[in-house]
1. May I ask you to verify whether A3 is small (G, A, S), loosely packed, with under 11 Cβ neighbours inside 10 Å and not in a helix (DSSP H, G or I)?
2. Assess whether L62 counts as being over 30 Å from W12 (Cβ atoms), at pLDDT 80 or above, assigned to a helix (DSSP H, G or I) and hydrophobic (A, V, I, L, M, F, W, C).
3. Could you figure out which of (1) exposed (fewer than 14 other Cβ atoms within 10 Å of the Cβ); (2) of a type outside the set (A, V, I, L, M, F, W, C); (3) free of Cβ contacts under 8 Å to residues at least 60 places away in the same chain isn't true of Y59?
4. State which residue is farthest from the chain's Cα centre (by Cα) when the search covers only the range 13-56 and only residues that are within 23 Å of A3 (Cβ to Cβ) and acidic (D, E).
Amino acid sequence: MHADPRANPTQWLTAVCLDLLEQNTEESKATLISAIRTLVSYLEPGLIDQAFAPWIAHYTELLVQFENSQSNAVQLCLPLDLPEQLGELKTVGG
């Protein structure tokens, strides 16, 4: 796919980031980490709350479980077990 960043910067950046992910090299991972940090730093907290509400709700539930348990059995992690919600996030922003 050849996306023109002048005509559609969102489509272009998505393609670049997905390409970096698919490359799966140490350099591409480092570049992708940098891109994610840059993008997130530009987002307002309210937008993050809105766009990632399913992830936040799931993580908050895990956090409450962790705080209420006496063991480390509850793992705080990304909600990778929520594929239907991941599909919803793909449509955010274009």
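The values are calculated or read from the model by the stated rules, or taken from the named source; none is laboratory data. The structure displayed is predicted, hence computed values, not measured ones. Here Cβ is always computed from backbone atoms with ideal geometry, including for glycine, and neighbour counts include all displayed protein chains.
1. So A3 does not fit the description; no.
2. Taking the combined requirement at face value, the residue satisfies it.
3. (1)
4. The extreme case among them is E27.
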